[in-house]
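Below is one structure, written out as structure tokens; the observations come after it.
The values are calculated or read from the model by the stated rules, or taken from the named source; none is laboratory data. What you see is a predicted model; the values in this text were computed from it and never measured. Here the Cβ positions follow ideal geometry from the backbone for every residue, glycine too, while neighbour counts run over all protein chains shown. With ligands, DNA and RNA removed, areas are computed over all heavy atoms of the protein, side chains included. Shrake-Rupley method; radii C 1.70, N 1.55, O 1.52, S 1.80 Å.
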Amino acid sequence: MSTPSETVAAARDAFNSGVTKSYAFRLKQIKSLLKLVEENKEILTEAIIKDVRKPKFEAVIFEVNYVANDLRNIIFNLEEWMQPQKPDKPLTFIMDTVIIQPEPYGVALIIGAWNYPVQLCLAPLSGAIAAGNTVVLKPSEIAPNTAKVLAELLPKYLDSKCYHVVNGGIPETTELLEQRFDYIFYTGNCNVGKIIHRAASKYLTPVTLELGGKSPVYIDSTADLDLTAARVLFGRFANAGQSCIAPDYILCSKEIATKFIEACKRCMTKWYGENIKESPDYGRIVNRNHFQRIVKLLEGSKIAVGGKHDIDDLYIEPTILQEVKPTDPVMQEEIFGPILPIVNIDNAGNAIDFINDREKPLALYIFSNDKTIHDLFLKNTSSGNMLINDTMMHFSCETIPFGGVGNSGMGGYHGKFSFDTFSHMKGTLIKKLDKVGEYLNAARYPPFSEGKMNFVVNATKKRPSIPGLRYFSTFVIFGLGVASALISKCMLKCIENRKNE
Ligand code: NAD
């Protein structure tokens, strides 16, 4: 077995060989990864279920199928994504070529988390491959079956010199983090996120940190509460509450809370029947440590719905807490389990203050039919993502970046954003070695003069563009600048000639 430094050296040699640069190579790897997912969907699904005990529906839809679609999207678009982008040209560079060339960083380290063990490894991996990096992938040790399956399958389908899997826990990850990487992509909790950030700073390695935190939900009186209950509970109780973007707590008035709790009861009976423990559609807590941590959060709380638990089965009943105080233990940390506290506030303004007094959330959810309320939250709060009138669904909208801000993370991915995340966008200016261009640029060379300085100031001054005539006004000014420079040059020559006469 290779040591971490040998593994990283092998990935670096593979990158330096240039093999990952071509479109053909990347496409072949992405297609092979899709083949891996399609040919092994049962194996992957079983591993997820063994590790996290989530319903098969969730393992397939949120992980295996999600990753397959992500890969298909790359296959359809990769050639276009790899092309140099052609941004607008400032007037000064109107005769030049201006491009943004995406280039791979080099060797990327991807560290996955246990709660979506396939998706959180393969989705970043596909972005890194598409962008032309070689990769060292470190799945979570808390999902050991998935980690084992990934370590067995990836070398069978992907180029084994370019893509490596390292399994292990904290010691192995710590050893990996001592190596030099060109990009680090980490998914997990904020505390470890800080360890990753510190380790990356040793070599100034750029990072994406996909972290967590408490994602609030605000509900106002214009919202249909049956619909709202279904959409909130979908996010809160999927994967038994162990989702980074699960709605963490509700902010609403006391009157709305009473009606919302009744709507939640109706919804839960419809979904899971009278005995939730027997429902095949409700998951379990990943291990005893997390179970004990979550159950402790219930102590001293006013339980409106649920509250039963069974450590031998790692079962915690979907639970709603009412009249929760901001100082209660359940409000001090990300819950990451099937508990939904309701904190009473009077209005949207109070909700905004409540949110802004805390760390920036990964997701912010608003339930309201009032557009002014939407705008109020949009403009006066900061969160990784914001979703109005639903929960979690923004995750699958690949045309928006998914990620956190502040304590909930940095950077984003999904869709083309995954390709961009793993690419350095190299701004490139290509000029011709020509005489006309040289004449127009000559004002920058010594000996300097007032005339030259005024010419540069005028020619480079930013002006508002006229819609439809983007460069017209600047062209006119530029032309006038050139003309005035030529005129002053002629006049100076005339004066000199007269002096000599
Ligand atoms: P975890 O325990 O699986 O840890 C994540 C990774 O960090 C693992 O690969 C693990 O080996 C590594 N790790 C753990 N301790 C380490 C240390 N001391 N040094 C170096 N590496 C270490 O997962 P977790 O952290 O329990 O995951 C849950 C958290 O992740 C929650 O906060 C959740 O919100 C967040 N999360 C975020 C996203 C997202 O996309 N933003 C997705 C899933 C989970």
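For (1) closer than 29 Å to GLU333 by Cα; (2) at pLDDT below 95; (3) of a type in the set (Asp, Glu), each residue gets a yes or a no:
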| position | (1), (2), (3) |
| --- | --- |
| GLU141 | yes, no, yes |
| VAL149 | no, no, no |
| GLY193 | yes, no, no |
| ALA223 | yes, no, no |
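Could you please let me know if LYS86 is farther than 30 Å from SER465 by Cβ and open to solvent by 70 Å² or more (accessible area, probe 1.4 Å)?
no
Return the only residue of LYS416, LYS426, LYS431, LYS360 being touching a residue at least 24 places away in the same chain (Cβ under 8 Å), within 14 Å of the ligand (Cβ to nearest atom) and among the basic types (Lys, Arg).
Going through LYS416, LYS426, LYS431, LYS360 in turn, the sole match is LYS360.
Taking only the stretch 153-168 into account, find how many residues are aromatic (Phe, Trp, Tyr) and buried (at least 22 other Cβ atoms within 10 Å of the Cβ).
Matching residues across the stretch 153-168 total 1.
Here's a check for you: in the stretch 187-227, which residue that is polar (S, T, N, Q) and open to solvent by 20 Å² or more (accessible area, probe 1.4 Å) is nearest to the ligand (Cβ to nearest atom)?
The qualifying residue nearest to the ligand (Cβ to nearest atom) is ASN189.
Consider the stretch 391-409. How many of its residues are open to solvent by 30 Å² or more (accessible area, probe 1.4 Å), under 22 Å from VAL67 (Cβ atoms) and in contact with a Gly (Cβ under 9 Å, 6 or more places away or on another chain)?
6
Among the residues of the stretch 368-386, are any closer than 16 Å to ASP248 by Cα, over 16 Å from the mean Cα position of the chain (by Cα) and modelled with pLDDT of 95 or more?
For the stretch 368-386, residues closer than 16 Å to ASP248 by Cα, over 16 Å from the mean Cα position of the chain (by Cα) and modelled with pLDDT of 95 or more: absent.
How about the stretch 397-451: which of its residues are of a type in the set (Ser, Thr, Tyr) and touching a strand residue (DSSP E or B) at 6+ places or on another chain (Cβ under 7 Å)?
TYR413, THR421, SER423, THR428
Considering only the stretch 128-149, I want to know if a residue exists there that is of a type in the set (D, E, K, R), open to solvent by less than 60 Å² (accessible area, probe 1.4 Å) and in a loop (DSSP other than H, G, I, E, B).
No - not one qualifying residue is present in the stretch 128-149.
Which residue pairs have Cβ atoms closer than 6 Å, lie 6 or more positions apart in sequence or on different chains, and pair a first residue in the stretch 192-219 that is farther than 11 Å from GLU178 by Cα with a second residue that is buried (at least 22 other Cβ atoms within 10 Å of the Cβ) and of a type in the set (S, T, N, Q)?
THR208/THR421; GLU210/THR187; LEU211/SER408; GLY213/SER408; ILE219/THR228
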